[in-house]
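Working notes, beginning with the structure itself.
No value in this document is a laboratory result; all are computed from the given coordinates. Keep in mind that what you see is a predicted model, and the values were worked out from it rather than measured. All Cβ positions, even for glycine, are placed from backbone atoms using ideal geometry, and neighbour counts span all protein chains on display.
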Amino acid sequence: MTNRPSSFIAPHKGLRLLFADVLVLAGRTDPGDATVLSDLLAKVRVLFLLLELHADDENAVILARLDERLPDAGDHDRGDHERLEALQARLHKVIEAIERSPTAVHLDALYTGLQELFAQHLLHMREEETVTQLRLWQMFSDAELSGMRATFMARLGPERSLLWLTWILPALRSEEARPLLNGVLAGPDDAFRERALSAVRKAVGPVRWAAMINTGDPVTGSTNGSSFSFNA
Ligand SMILES: [Fe+2]
């Protein structure tokens, strides 16, 4: 056990929540229910976008920095990303088939494919949270790892950061969520901050929202070694 910051756990918790949500929805969607079908396909697109963004961030920031200090240490995870992207690409054809003809057969193919993709991602994320994380802790200081997380946010920009947060925050314990929430509260753009807070409040629900607001230090934008800047 360690209290050193994780490079992976927050986005991975968000991805696991979204994956589970999408998989359950895919399993119960009636082919003739156009409203639910539209919701399902929209959520699948969000899932695929976040998976692509996340793999790209890991390749460009975490694994690239790790390779600089430990040559070829990022090869395993990069190979995983390529394999998972190929698995995901196959599902695009299933989605196109559903859009053309929403049948139970096509929805079953989506459910089965999502299940396989979820299973493979679970194993991949577990590897990153254990083997890769240990290497990162060995090779980098907490300040350097925090800098990598800040680089992620800067690469994403405000709109995609907000999309991420609507899935990450509902998946975190209140004390884990608080530093990220502080980043939203500390944003300099009033209109964007209000929109972001409204989206986040809706995503987490009133009970969890109250727990997050009442957890931790006053608004600072940085707590417990985690920093987050939400600049619109
Ligand atoms: Fe990854």
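Computed from the C-beta positions of D33 and A199 and an R0 of 22 Å, the FRET efficiency is 0.30 to the nearest 0.05. Here the gap between H76 and T103, fully extended at 0.36 nm per residue and compared with their Cα-Cα distance, gives a gain of 5.9 nm. In terms of surrounding Cβ atoms within a 10 Å radius of their Cβ, M1, M148, M212 rank from fewest to most as M1, M148, M212.
What's the long-distance tail for the stretch 102-201, i.e. % of Cα pairs beyond 19 Å?
Of all Cα-Cα distances in the stretch 102-201, 62 percent exceed 19 Å.
Straight-line reach from K93: taking Cα to Cα under 21 Å and skipping same-chain neighbours fewer than 8 places apart, the lysines in range are K43. Exposure proxy ranking for V204, V61, based on other Cβ atoms within 10 angstrom of each Cβ and starting from the fewest, stands as V61, V204. If a/c stays under 1.5 just call it rounded; otherwise compare a/b with b/c (prolate if a/b is bigger, oblate if not). Do that for the stretch 122-168, with a ≥ b ≥ c from the square roots of the Cα gyration tensor eigenvalues. In terms of gyration-tensor shape, oblate. If Lys and Arg each add +1 and Asp and Glu each add -1, what is the summed charge of the other residues whose beta carbon sits under 12 Å from the beta carbon of R173? Net charge around R173: +1. In terms of surrounding Cβ atoms within a 10 Å radius of their Cβ, W137, W209 rank from fewest to most as W137, W209. Specify whether the C-alpha gyration tensor of the stretch 48-167 places it in the rounded, prolate or oblate class, a ≥ b ≥ c being the square roots of the eigenvalues: rounded for a/c under 1.5, otherwise prolate if a/b is larger than b/c and oblate if not. It comes out prolate by the Cα gyration axes.
Judged by the gyration tensor of its Cα atoms, with axes a ≥ b ≥ c, the chain is oblate; a/c meets the 1.5 cut and b/c is at least as large as a/b.
With a simple spin-label model that places each label point 7 Å from the Cα along the Cα-to-Cβ direction, the separation between Q115 and L156 comes to 3.1 nm. Relative contact order for the stretch 18-168: 30 percent, from Cα pairs under 8 Å spaced at least 6 residues apart, divided by residue count.
Per-residue ellipticity at 222 nm, computed for the chain from helices alone with -39500 (n - 2.57) per DSSP H run of at least four residues, works out to -24500 deg cm²/dmol.
Model label points for D21 and R69, set 7 angstrom from Cα along the Cα-to-Cβ axis, are 3.4 nm apart. Counting only whole DSSP H helices of the chain, the ones at least 18 Å long by C-alpha along their axis and with mean Kyte-Doolittle hydropathy no lower than -0.5 are 9-28, 34-57, 104-127, 142-168, 190-204. The residues neighbouring E144, those whose beta-carbon lies less than 12 Å from its own, together hold a net charge of +2 under the Lys/Arg +1, Asp/Glu -1 convention.
Within the shell defined by Cβ-Cβ distances under 13 Å, the residues around D21 carry a net charge of +3, with Lys and Arg each +1 and Asp and Glu each -1.
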